[in-house]
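Below: the structure, in structure tokens.
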Amino acid sequence: MRAQVSPVLVSHALPAQSLTLPSAVAFGNFDGLHIGHRALLAHLRAAADRLGGPLIVVTFAPHPLYLLKPERAPAAIDTLDGRLAYLAQLGVDHVFVLQFDAALAAIPAHIFARDWLCDRLHGRAFAVGPDMHFGHERRGDVALLRKVAEACAGHVEVFSGVHWDGARVSSSRVRHAIAEGHVDVAEHLLARPFCLRGRVVHGDARGRTIGFATANLHAPGQVVPKNGVYVGIAGVNGAWHDAAVNIGTRPSFDGEEVRIEAHLLDFECDIYDKPLDLDLVLRLRDEQRFAELPALITQLRQDVEATRQVLALRRARGLQP
């Protein structure tokens, strides 16, 4: 079963007047909501309970690098809606999604910390990474935030993060694992499968003619795994279906554009233009070119059978859905 989502209030601007109750505040992009983020938010959830106030997350859309250094802006692990859904699952009470534009980038660090975080959000407990920077030209750091917080009887804790398999977990590490096709590693780092989210668009319908109809997923802005065949689970119309997924150019048909095509097992329904979530749990093989159609069909059948076996084993181990 999928985790139930608790109510969470989402605002797109800070309150004009200070909140009444003292709060625990986290701020940042939180792309992917990996296990390091989860540990930090669990710590702040406990702090908010001690304060008797809300747990607040301040996040930004788009990623600040899209404005500051667009050539270095990363593809997203998840969409904004995906982030908000996971924040709700993690016990966050209020999320402020701030449009990251030139005006926001120009806010001096001490103003952001004093007037926005400590005053308007009534922030009294903060947890940040040791290399955290914020405000205009990234001049704000842990020392500045701590000085401002202590002036209003607040506290800042430096959170060293979470390590897995000998290295610190970060959004960059998750992103790299996905791009290399290691979606099974990404699942460990995220504590859930990596999910591509988008809409089903029309393709060339070749799959239907050979008995393997596919849903072509348009998921702009997200990091796309390395070309290959994957075991997936597709969520559409409120239900989840096993899926054999091909990511690539379809070399057997001389394709050039990279597409995400999901063959939903034991499923026949028109889902064009429908939103679809696609969890990817394992990379089965590289994308291949087949000179003859019968060889391709034989391989697709093997991919479907491998998908069934992998997902049956997951369910036997109690893994969702």
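The values are calculated or read from the model by the stated rules, or taken from the named source; none is laboratory data. Values in this document were obtained by computation on a predicted structure and should not be read as measured data. Cβ: placed from backbone, ideal geometry, glycine included. Neighbour counts: every protein chain shown.
No other residue among L65, L41, L33 is crowded, with 20+ Cβ neighbours inside 10 Å, out of contact with any strand residue (DSSP E or B) (no Cβ under 9 Å at 6 or more places or on another chain) and closer than 30 Å to L278 by Cβ apart from L33.
Checking R83, R124, R50, R45 one by one, the residue that is farther than 14 Å from A24 by Cβ, outside any loop (DSSP other than H, G, I, E, B) and among the basic types (K, R) is R83 and no other. Taking I56 as the residue in question, decide whether it is under 24 Å from H136 (Cβ atoms) and not charged (D, E, K, R). Judged against the criteria, I56 is a match. Taken over the stretch 37-72, the residue count meeting the criterion of being more than 21 Å from L190 (Cα to Cα) and in contact with a Pro (Cβ under 8 Å, 6 or more places away or on another chain) is 5. In the stretch 10-42, which residue that is under 16 Å from the mean Cα position of the chain (by Cα) and assigned to a loop (DSSP other than H, G, I, E, B) is nearest to M132 (Cα to Cα)? Among those residues, the one meeting the criterion is G28.
Looking for something within 17 Å of G238 (Cα to Cα), at pLDDT 95 or above and surrounded by 12 or more Cβ atoms within 10 Å (Cβ to Cβ) - is there at least one such residue anywhere in the stretch 283-303? Checked against the condition, which is being within 17 Å of G238 (Cα to Cα), at pLDDT 95 or above and surrounded by 12 or more Cβ atoms within 10 Å (Cβ to Cβ), the stretch 283-303 yields no hits at all.
The residue that is surrounded by the most Cβ atoms within 10 Å (Cβ to Cβ), counting only those in the stretch 137-148 that are in a helix (DSSP H, G or I) and at pLDDT 95 or above, is L145.
Per this entry, F126 is not counted among residues that are under 21 Å from D49 (Cα atoms) and at pLDDT below 95.
List every residue pair whose Cβ atoms sit under 6 Å apart, with the two residues 6 or more apart in sequence or on different chains, where the first one lies in the stretch 25-37 and is aliphatic (A, V, I, L, M) and the second, anywhere, is in a loop (DSSP other than H, G, I, E, B). Pairs that qualify, where the first residue is aliphatic (A, V, I, L, M) and the partner is in a loop (DSSP other than H, G, I, E, B), are V25/L121; I35/V162; I35/V169; I35/A191. I'd like the full set of residues that are small (G, A, S) and out of contact with any His (no Cβ under 8 Å at 6 or more places or on another chain), limited to the stretch 195-214. Of everything in the stretch 195-214, those that are small (G, A, S) and out of contact with any His (no Cβ under 8 Å at 6 or more places or on another chain) turn out to be G203, A205, G211. Any residue at all in the stretch 258-266 that is within 30 Å of L87 (Cβ to Cβ), in the same structural domain as Q302 (by TED's automatic domain parsing) and in contact with a Phe, Trp or Tyr (Cβ under 8 Å, 6 or more places away or on another chain)? Checking the stretch 258-266: not a single residue is within 30 Å of L87 (Cβ to Cβ), in the same structural domain as Q302 (by TED's automatic domain parsing) and in contact with a Phe, Trp or Tyr (Cβ under 8 Å, 6 or more places away or on another chain).
Against the test of being surrounded by fewer than 18 Cβ atoms within 10 Å (Cβ to Cβ) and outside the structural domain of Q222 (by TED's automatic domain parsing), the options A109, A127, A151, A113 yield a single qualifying residue, A151.
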